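Undergrad: I am attaching a structure below and will ask some questions about it afterwards.
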Amino acid sequence: MPGTGTDLRDAPRIASGPVSDGLIARIDQLYAHLQSLVENFPGPLSLRDLEGRYQLMNSFAYQQVQHLLVRKLERQEILGRTPEEIYGPELGAKVTALDKRASESKQPVASEIELPDAEGNPHHFEMSNYPVIDAAGRVTGHGRVGLEVTEVRKAWEQREAAETLAQAAFEHAPTGIALLRIEGQRIGGIERVNPALCTMLGYSAEQLQRISPAELIHPDNLGSSLNLARLLYRREIEKSREDTRLIRSDGQVLWVSAHARLLCRHDQPTHLVLQVIDISDRRALEERLRHQADHDPLTGLLNRRAFEQLLDDRIARAASLESPAALLVLDIDHLKLVNDTLGHSAGDELIIAVARRLEASVRAADTVARLAGDEFAVLLPDVGIDTARYVAEGLVQAISADDVILCGDSPKRVTASVGVAQLGPDLTSGKEALINADLAMYGAKRGGRGRAAVDPGAQLTGAG
C-alpha cells in the first residue's frame, strides 16, 4: 500500500519472537543512528523493494525531486509507490532500467542528473543505482544514492577553459615558448615548443625535442645560461632574464631576450618555462647607434671622443705594460684650398681617400681615427719612438705616392704632415698625448709640410 512500510525495529520480533528489553533498546538506538545517517547524508538517498516501491527517501532527495513529481506528494506519500507512479512513465522507466542493470550485474550503475534548486539554479549530481544484497547473496532491493558535484564540475569547466585559453596562447603567441624538463638536478630536453620558436630557430617541433638545449646556445653564452639555470633550480632567484645568442638551424646567430621561470609540483622542480623574444633588430639598431656614437660618419673611422677614450685606457695601463706605444697625428696639407677651389664635395673625397690609404698602410693592431676636418691620428701599440718615426715617414710617402682625382678634375698631388709622440707612464690623459703629437705635427708643417716630425720631448732611444 502506498505510504506504508515495514519498521526495521519490528524485524527481531517477527524473526524470532519476544526478545529482551536491552536488545530492543540497542536496536532502537542503532535505528536512530541509521535514520540520522540517512537523513543527514549530504546528497539524495533512497531505497526501493524488488517491485520498485519506495521504502525510504531522505529529505535531500525529496527536496530535489519536487519538480519531477507528476502531482504534489508529501514525502510520506511517496513511500510504497514506484518511480513510474511518482515521476511518470518516461522518467520512471529510466530509473527502473538502472535498477535492473544494477540487479543483473550486482554492481553499482553510475549516472548523472541535473536538478534545479528552489530558485531554479541547476545542480549536478553523480548518482549510483546499486543492488541491496543480503548475506546469502540475493538481491533484496534497490538503492540509489548521489553526491552533488556542481562546484567540482564548475571547477573542472573553469580549469578546462583555462587550459584551452593557455593552449591557444601557447600556440599563437608571437614570442617563442619552450617547456624544458628538469631531470634530477639538471635541465633535460625540450618537452614542448610553440610554432613561433620553431620559426625563429628554423627547426620543426620534433627536431627541437631531439636536440639538447645546450646545442642551441652560442658557446660564448652557454656558461652564463647554465649558471642562471642553476640559480633557478636552487631557488636563489624566482625568474631570470638575459640577452643571449642562439644558433639557428642554418648556423646563423640570433640575438634573443630569454626569460625563464621554474615550475614545481609538490615543491619539487619539474619544468623550466622559457620565453624567447627575437631582439635582432634591436641589437642591430643598438650596434648602429654605438657605431655612430664612436665613429666618423664620413670615413667610418673612430671619432675623436672614442679615440681619446682608447688613449686614456692605454695610458692608464702604461705602468703595467712592458711594451711601449706611440701616437701619430696627421694633417692633410692645403685641404682648405681644395674646399675653396673645388668645393666641399671634393674635400670630402680627399678625406676619404686619405683615410683608406692610412688603413691600408698600418697593421691590423694599429688604430686609425679621424679627429677633425683634416686631422687624423694613429695609435701604434708595441712600437718605440724610432719605429714610430719610420712608420710616420712611410705614411707621408703613401699619401703622396699617387695623385688623387677629385670630382672629375685633373689629378692632384696630396701631401700630409705627421707628428710623432711617445705614450709613456708620465702622461695623465689622452688629450695630453694628442697635444704632444699636435705640437710635433705643427713642427712638420713649419719645416715645409709633407714630412714627419717627432715630439721634442720624446727620447730617441733607438729602440723598436
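The values are calculated or read from the model by the stated rules, or taken from the named source; none is laboratory data. All values derive from a computational prediction rather than experimental measurement. Every residue, glycine among them, receives a Cβ derived from its backbone with ideal geometry; neighbour counts consider all protein chains shown.
Undergrad: Give the residue, chosen from 358, 330, 337, that is under 25 Å from residue 414 (Cβ atoms) and touching a residue at least 60 places away in the same chain (Cβ under 8 Å).
TA: Of 358, 330, 337, the one residue that is under 25 Å from residue 414 (Cβ atoms) and touching a residue at least 60 places away in the same chain (Cβ under 8 Å) is 330.
Condition check ((1) in the same structural domain as residue 56 (by TED's automatic domain parsing); (2) modelled with pLDDT of 90 or more; (3) closer than 19 Å to residue 52 by Cβ) across all residues:
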site	(1), (2), (3)
123	yes, no, no
135	yes, no, no
140	yes, yes, yes
164	no, no, no
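Undergrad: So, one more: Name the single residue that is surrounded by the most Cβ atoms within 10 Å (Cβ to Cβ) among those in the stretch 417-431 being farther than 13 Å from residue 326 by Cα and touching a helix residue (DSSP H, G or I) at 6+ places or on another chain (Cβ under 8 Å).
TA: Checked the stretch 417-431; the qualifying residue surrounded by the most Cβ atoms within 10 Å (Cβ to Cβ) is 417.
Undergrad: Quick test for you: out of 365, 372, 360, pick the one residue that is among the small types (Gly, Ala, Ser), under 21 Å from residue 453 (Cα atoms) and either surrounded by fewer than 22 Cβ atoms within 10 Å (Cβ to Cβ) or at pLDDT below 95 (or both).
TA: Within the list 365, 372, 360, the selection yields 372.
Undergrad: Pick out the one residue from 77, 84 that is outside any loop (DSSP other than H, G, I, E, B) and either touching a residue at least 60 places away in the same chain (Cβ under 8 Å) or on the phi > 0 side of the Ramachandran plot (or both).
TA: 77
Undergrad: Something else now. Among the listed residues 161, 110, 155, 166, identify the single one that is in contact with an Asp or Glu (Cβ under 8 Å, 6 or more places away or on another chain) and small (Gly, Ala, Ser).
TA: Unique residue meeting the criteria: 110.
Undergrad: Could you say whether any residue in the stretch 165-175 is over 30 Å from residue 107 (Cα atoms) and among the hydroxyl-bearing types (Ser, Thr, Tyr)?
TA: Yes, some residue in the stretch 165-175 is over 30 Å from residue 107 (Cα atoms) and among the hydroxyl-bearing types (Ser, Thr, Tyr).
Undergrad: Another question about this same structure. Filter the stretch 388-416 for residues that are modelled with pLDDT of 90 or more and surrounded by 17 or more Cβ atoms within 10 Å (Cβ to Cβ) and give the result.
TA: 388, 389, 391, 392, 395, 396, 416
Undergrad: All but one of (1) buried (at least 21 other Cβ atoms within 10 Å of the Cβ); (2) modelled with pLDDT under 95; (3) not charged (D, E, K, R); (4) not in a helix (DSSP H, G or I) hold for residue 379; which doesn't?
TA: Among (1) buried (at least 21 other Cβ atoms within 10 Å of the Cβ); (2) modelled with pLDDT under 95; (3) not charged (D, E, K, R); (4) not in a helix (DSSP H, G or I), residue 379 violates only (2).
Undergrad: Still on this model: Hey, can you tell me all the residues within the stretch 124-177 that are of a type in the set (Asp, Glu), in contact (Cβ under 8 Å) with a residue 24 or more places away in the chain and within 22 Å of residue 61 (Cα to Cα)?
TA: Passing the criteria: only 148.
Undergrad: Now, a different point. On the basis of being in contact with a strand residue (DSSP E or B) (Cβ under 9 Å, 6 or more places away or on another chain), assigned to a loop (DSSP other than H, G, I, E, B) and of a type outside the set (D, E, K, R), does residue 365 make the cut?
TA: Answer is yes for this residue.
Undergrad: Can you tell me which residue among 103, 46 is part of a helix (DSSP H, G or I), under 17 Å from residue 132 (Cβ atoms), at pLDDT 85 or above and among the hydroxyl-bearing types (Ser, Thr, Tyr)?
TA: Checking each option against the conditions leaves just 103.
Undergrad: Are there any pairs with C-beta distances below 6 angstrom linking a residue in the stretch 12-28 that is at pLDDT 75 or above to a residue that is of a type in the set (Gly, Ala, Ser), with the two at least 6 apart or on different chains, and if so which?
TA: none
Undergrad: Moving to a separate point now. Confirm whether residue 132 is surrounded by 15 or more Cβ atoms within 10 Å (Cβ to Cβ) and within 29 Å of residue 42 (Cβ to Cβ).
TA: yes
Undergrad: Go through the stretch 288-327 and count every residue that is in contact (Cβ under 8 Å) with a residue 60 or more places away in the chain and assigned to a helix (DSSP H, G or I).
TA: Here the count works out to 10.
Undergrad: Taking the conditions exactly as written (part of a helix (DSSP H, G or I) and either at pLDDT 90 or above or over 17 Å from residue 440 (Cβ atoms) (or both)), does residue 337 satisfy them or not?
TA: Answer is yes for this residue.
Undergrad: Can you pull out the residues in the stretch 386-397 that are more than 21 Å from residue 422 (Cα to Cα) and within 55 Å of the chain's Cα centre (by Cα)?
TA: none
Undergrad: Give the residue that is nearest to residue 260 (Cα to Cα), with candidates limited to residues of the stretch 204-219 that are among the hydrophobic types (A, V, I, L, M, F, W, C) and not in a helix (DSSP H, G or I).
TA: Step by step, filter the stretch 204-219, then rank; the result is 217.
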